[in-house]
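Worksheet: one structure, shown below.
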Amino acid sequence: MKSFLIFIVKIVLITVLLAVVLDFGYTAIYLNSKSRDKVADVFKSKARSYDVVILGSSRANNHFVTRIFEKNGLKTFNYGMSGGHLYEASLLLKLMIERNYEIKNLILEADLNLSNDKQSEGVAAKFLPYIHRSEIIKNHFEQESNFNELYYIPFYRYLKFDSKIGSRELFNTIIQKKTVANENGGYYALGVNKKGNMKNNILSLNPLKRNKYYEEIKQLCKTNNIRFIPIMTPMCENVIGMNYFEKVKSAYPEIHNYENVVIENKYFSSCGHMNDNGAKKFTSIVVRDFFKK
Amino acid sequence: MFFNSLTFAIFLPIVFFLYWFVFNKTKSSQNFILILASYYFYSCWDWRFLFLLVFSTFLDYATGIQIEKTENASTRKFWFWLSVGINLGFLAVFKYYNFFASSLATLLSDFGLKSSPFLLDVVLPVGISFYTFHGLSYVIDIYYKRIKAEYNFVDYSLFVSYFPLLVAGPIERATHLLPQVKVRRAFDFEKAKEGVYQFTWGLVKKVVIADGCATYANAIFDHYPAMNSWSLILGAVYFAFQIYGDFSGYSDMALGMSKLFGIDLLRNFNYPYFSRDIAEFWRRWHISLSSWFRDYVYIPLGGSKGSKSKQVRNVFIIFVLSGFWHGANWTYLAWGFINALYFLPLLLLNKNRSNIEMVDLKWNLRSIKEIASIFYTFLLACLAWIFFRANTITDAVAYIKRMFSNGNFASQYLANERYNYELLAIVIVFVIVEWNNRFSIEPISGRKSGLKLALAIAAIIALGTFSDYKEFIYFQF
């Protein structure tokens, strides 16, 4: 039995050692390779200067056409992240500020994402490789219930979020597999989708009275002299009459309601996402209203 | 509580400690702690089903004794059929009733008769097919005087409820397991070490192969009308490895952990995808179930004796029954039927026992033929698995039709945001590892076992699928 117990102790030690080595290896690779997503891009960057930075979910990523801003002489990057919540938008902004970004205007897509202040696990996972290298990231995650596991157990974060930062993503990072995340100024155009789902029931959806991360972003902008432009972006015809956007307006009067500037289904790829034509039409209106007056 | 869960990682060492350090004095105390652990393990799913398990155990225990005690043939028969009837009755109610009721309603509606069947709102008790078959084999063996009845209730209960095999087998035989629980087990370091190796390899099969393949197979099967030929072929291959990794991985974990308690369980898988014909495949796949049907259905029906027509009938009966054992769905019946069709030519040509030993290749022409046979058998198995995996027979037929008619073999981006071919490299490495170790139980033991164990652990940590947790497929049976 003694031999067996020694054998088991050895296995446990090997497992811990492997976890430490793998953790070190994964982190080193993510730190030292070309960025494949917006989080890595910001994390590895140094001071940048922008006229306009766009934050939000896919409804920012697919709706604000960077090129149109650029054509109007505004140096812009769309940092909207598909699936992201305000939790990640706030953290990304904190990282930018930590890296001494000079930002004049911040457009925040703030509409459906106001309904929760939880993290979006898939997007938040993209920050985790750097959790030991950034106090900002560590502090942001500190409030999460699984922080101790993520921070102290070696490799746990790569194991827990294997589909986002696990072996497959690591392999793609090593071979520098092409990604479109940072192309076109961060804007991702959606095509015309004739089979797109043009129904989205947001009747029961309610914005939080005070979304913690919305307020955090607002405060960060105020502190850092960034012009804060929160915008509700369009949805398809189907949601007309579902008064979600009115609810947002009454809770957050400062958010600009652009829900109805594009409504025809031909401009949408799915109910919550405009196609490239819709995005261009919408972006032109936003540029006209905020940057040409 | 699954074998690959954190709770089980806590449960197993506690039971191990209690078994060897607190309750190790006598056979009875060892069995007592294992029974306690097994009932706790089972109650973690749903404590209410514990009553069913205990009742089923008591029924077979009591009827076994009555059958043995009674010399009168009709009384023996009464106790025998009482046990068989109640056991199968439980299965019928929990597993098959709704299927038969709704199928009958569909049939009646086809004839223009409207009916609204009374369906039961019950959850299938986990492992019911496995422990029912345990009990049945025990009672049948006593009835045919192959074994003696067990008079010690704790020992018998352990035979039925032993937690490593309780929910997904292997389906044990009284002749094999009961003698082991009748004696005090002494700790054997080598056996325990083998157990750890086998458990670890089972975990590799589950979290690296089965769960990895499941992600791709699900994305393909769930969207098959939009998939091209290449994706559909890969979907079938991924599912073949998913179900193999899942079930043989589970079996390896069960066998491995049982060795930690000094108990050997029946081998359930013996590298089935290296079979050269379907008969060999069935001697290597889910061996404990195949042999159960062989011993308790096929041979009593006459087996391979008698006229060819009777032999054919017997083959169809056991394959269709085997399919039906898996679940109350026409797809499982079709899967069993297709396997019977595969088996038929071998039976008619008396070639069903041509390949008994594990394939051993040499540098000659015969080996090329053997490799071709392995690929051909794997292809047949994959086609049959499509029926097993599909939601309906119509879906399975449409899947196969599209696979052969689409003609597009380009890589395709799947709903899981990955390309269809991405997992192939891991599957190929897995096949190579298994091929090189096909004469042993698992690939870790032997020379450089420490290094191989470290590699296996590294594979589990680095390549395992943990974020998209998947249950063991066979738990639903």
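Nothing in this text is a laboratory measurement; each read-out follows from the coordinates by a stated rule. Source: prediction; values computed, not measured. Backbone-built Cβ (ideal geometry, glycine too); neighbour counts: all protein chains shown.
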From the gyration tensor of the Cα coordinates in segment A:32-133, what semi-axes in whole Å does the equivalent ellipsoid have, largest first, with each one equal to sqrt(5λ)? 20, 18, 12
Mind checking the angle between helix A:276-291 and chain A's longest principal axis? C-alpha axes, 0 to 90 degrees, to the nearest 10. 70
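Compute the convex hull volume of the Cα atoms of segment B:29-107, divide it by the residue count, and report the result per residue in Å³ as a whole number.
Expressed per residue, the convex hull around the Cα atoms of segment B:29-107 is 102 Å³.
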Looking at the protein assembly as shown, send over the antiparallel percent of its DSSP beta bridges, to the nearest 5. 15
So which GluC sites (Glu not before Pro) in segment A:105-154 pass both tests, a DSSP loop state and at most 13 other Cβ atoms within 10 Å of the Cβ? A:142
Just how many % of Cα pairs in segment B:218-334 lie over 19 Å apart, if you round to the nearest whole percent? 62
Apply 1/(1 + (r/R0)^6) to the Cβ-Cβ distance of residue B:9 and residue A:291, taking R0 = 56 Å, and write down the FRET efficiency to the nearest 0.05. 0.45
Qualifying chymotrypsin sites (Phe, Trp or Tyr not before Pro) in segment B:334-405, DSSP loop, other Cβ atoms within 10 Å at most 11: B:363
Spatially close lysines, pair count over segment B:6-186: Cα under 16 Å, gap of eight or more or interchain: 7
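Return a whole-number percent for the relative contact order of chain B, with Cα pairs under 8 Å and 6 or more residues apart as the contact set.
18
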Counting residues in the protein assembly as shown as N, plug N into 2.2 N^0.38 Å and put the Cα Rg over that result. 1.12
Taking 37 °C and 0.692 mPa s as the conditions, I'd like the Stokes-Einstein D for segment B:1-152 in µm²/s, using the Kirkwood hydrodynamic radius from alpha carbon pairs. 179
Longest exposed-loop-site-free stretch of chain B, with GluC sites (Glu not before Pro), DSSP loop and at most 16 other Cβ within 10 Å? B:72-356
In 5 Å bins starting at 0, how do the alpha-carbon pair distances of chain A split up by percent? 1, 5, 11, 15, 17, 15, 12, 9, 6, 3, 2, 2, 1, 1, 0, 0, 0
Neighbour cut-off at most 12 other Cβ (10 Å), DSSP loop, trypsin sites (Lys or Arg not before Pro), segment B:234-307: B:305
Inter-label distance for residue B:304 and residue A:44, nm, one decimal - labels placed 7 Å from Cα along Cα-to-Cβ: 6.3
Once the mean 1/r over all distinct Cα pairs of chain B is inverted, what Kirkwood radius in angstroms do you read off? 23.9
Mind checking the angle between helix A:86-98 and chain A's longest principal axis? C-alpha axes, 0 to 90 degrees, to the nearest 10. 80
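If Lys and Arg each add +1 and Asp and Glu each add -1, what is the summed charge of the other residues whose beta carbon sits under 13 Å from the beta carbon of residue B:180? Can you show the working numbers first?
Numbers: positive: B:27, B:173, B:182, B:184, B:185, B:191, B:259; negative: B:150, B:155, B:172, B:188, B:264.
Computed value for this residue: +2.
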Can you check what the net charge comes to around residue A:65, using other residues whose Cβ is under 14 Å from the Cβ of residue A:65 (Lys, Arg +1; Asp, Glu -1)? +2
Between segment B:1-62 and segment B:163-232, the alpha-carbon center distance in angstrom: 19
Per residue, how big is the convex hull of segment B:132-187 when only Cα atoms are used? Give it in Å³. 85
Kindly give the semi-axes, whole Å and largest first, of the ellipsoid equivalent to segment A:108-190, taking each as the square root of 5 times a Cα gyration tensor eigenvalue. 23, 21, 11
Return a whole-number percent for the relative contact order of segment A:33-291, with Cα pairs under 8 Å and 6 or more residues apart as the contact set. 26
Net charge of Cβ neighbours under 13 Å - reference residue B:135; Lys, Arg +1; Asp, Glu -1: -3
³J(HN,Hα) computed for each position of segment A:75-83 - Karplus, 6.51 cos²θ - 1.76 cosθ + 1.60, integer Hz, glycine/proline x: 6, 9, 9, 8, 9, x, 10, 4, x
Relative compactness, segment A:230-293, computed as alpha-carbon Rg over 2.2 N^0.38 Å: 1.12
Note to self: C-alpha centroids of segment B:291-331 and segment A:184-207 sit apart, in Å, by 54
For segment B:76-130 and segment A:39-94, compute the distance between their C-alpha centroids and round to whole Å. 59
